[in-house]
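The values are calculated or read from the model by the stated rules, or taken from the named source; none is laboratory data. Predicted model, so just to flag it, every value in this text is computed and none were measured. FYI the Cβ positions are ideal-geometry reconstructions off the backbone, even for glycines, and counts take in every protein chain you see. Protein only, heavy atoms only, side chains kept; ligands, DNA and RNA dropped before computing areas. Shrake-Rupley method; radii C 1.70, N 1.55, O 1.52, S 1.80 Å.
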Amino acid sequence: MTAATRLGLTGGIGSGKSTVAQILAELGAAIIDADAIARSVTLPAGAAIGPIATEFGSGFITPQGALDRDRMRELAFADASAKRRLEAIVHPLVGQETQRQADAAIRAGRRCIVFDIPLLVESGRWRQHLDWVLVLDCTTETQIERVMARSKLSRSATLQIIAAQAPRLQRLAAADMVIANDNLPLALLRAQVLQIAPRFGL
């Protein structure tokens, strides 16, 4: 069996990463969404709920049994160690499920596995496991406009999210390939993805 190409896909919030992941999926890639996995382990009956309640107290679990994201976000902004403690619970679980999905994709004969990882650059541990890193890049102003339009967040809240992510130049330095996605019509974005897809076995 030919080894699958392992492609890391990343970009700041509002960069168009999800759109590119969708195009790659249409071309036959297996998409492993680290954010979606992280959300799933913090939903009711998720694997992280018990350890979170033990570490932070039951007040951080909603009546429905999920992580109280708003309360945790407030704590993380006020106490830097809280974010690290939460990540120490969630990240190993995400890693286990990521590996399970990757193994399943390989068994299914997928030629390309796309690891959709918002914090790929920040984590520092992903690069050695990947064949390529594709970065979706755009200006901070474009990010702000897109996020405010789609999520109805304020400008200050959006800037807070952007500030918590890796700086743009750090992401670009980690890239094997970059798609500049400022004011790029969907048809042109798709054309760029189709142009590079053969390098990933698609």
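Would you check if Asp103 is within 28 Å of Arg150 (Cα to Cα) and outside any loop (DSSP other than H, G, I, E, B)?
The answer is no for Asp103.
Restricting to segment 1-45, count the residues that are without any contact (Cβ under 8 Å) to a residue 60 or more places away in the chain, of a type outside the set (Ser, Thr, Tyr), open to solvent by less than 50 Å² (accessible area, probe 1.4 Å) and in a loop (DSSP other than H, G, I, E, B).
Selection size over segment 1-45: 0.
On the basis of being within 20 Å of Leu75 (Cα to Cα) and modelled with pLDDT under 95, does Ala38 make the cut?
yes
If you take the residues of segment 137-158 that are over 20 Å from Val20 (Cβ atoms), assigned to a helix (DSSP H, G or I) and hydroxyl-bearing (Ser, Thr, Tyr), which of them is most open to solvent (accessible area, probe 1.4 Å)?
Top of the filtered list is Ser156.
Which of the residues belonging to segment 61-107 are open to solvent by 50 Å² or more (accessible area, probe 1.4 Å), touching a residue at least 60 places away in the same chain (Cβ under 8 Å) and of a type in the set (S, T, N, Q)?
Gln101
Checking Ala76 against (1) in contact with a helix residue (DSSP H, G or I) (Cβ under 8 Å, 6 or more places away or on another chain); (2) within 30 Å of Pro198 (Cα to Cα), which test does it fail?
Ala76 satisfies all of (1) in contact with a helix residue (DSSP H, G or I) (Cβ under 8 Å, 6 or more places away or on another chain); (2) within 30 Å of Pro198 (Cα to Cα) except (2).
Evaluate segment 115-129: report whether one residue or more is at pLDDT 95 or above and over 15 Å from the mean Cα position of the chain (by Cα).
Taking every residue of segment 115-129 in turn, none turns out to be at pLDDT 95 or above and over 15 Å from the mean Cα position of the chain (by Cα).
Report, by residue number, each residue of segment 108-118 that is open to solvent by 70 Å² or more (accessible area, probe 1.4 Å) and of a type in the set (A, V, I, L, M, F, W, C).
Residue satisfying the conditions is Ala108 alone.
Mind listing whichever residues of segment 182-202 are within 16 Å of Gly16 (Cα to Cα), in contact (Cβ under 8 Å) with a residue 12 or more places away in the chain and either under 17 Å from the mean Cα position of the chain (by Cα) or assigned to a helix (DSSP H, G or I) (or both)?
Leu186, Leu189, Arg190, Gln192, Val193, Leu194
Can you report the number of residues in segment 159-181 which are assigned to a helix (DSSP H, G or I), touching a strand residue (DSSP E or B) at 6+ places or on another chain (Cβ under 9 Å) and open to solvent by 30 Å² or more (accessible area, probe 1.4 Å)?
Qualifying residue count for the region: 2.
From (1) surrounded by fewer than 20 Cβ atoms within 10 Å (Cβ to Cβ); (2) under 20 Å from the mean Cα position of the chain (by Cα), pick out the condition that doesn't hold for Glu55.
With respect to (1) surrounded by fewer than 20 Cβ atoms within 10 Å (Cβ to Cβ); (2) under 20 Å from the mean Cα position of the chain (by Cα), Glu55 is out only on (2).
One residue is enough: does segment 12-28 have a residue meeting the conditions more than 30 Å from Asp182 (Cα to Cα) and at pLDDT 95 or above?
Checked segment 12-28: no residue is more than 30 Å from Asp182 (Cα to Cα) and at pLDDT 95 or above.
(1) within 22 Å of Val193 (Cβ to Cβ); (2) outside any helix (DSSP H, G or I): which one isn't true of Val121, the others all being true?
(2)
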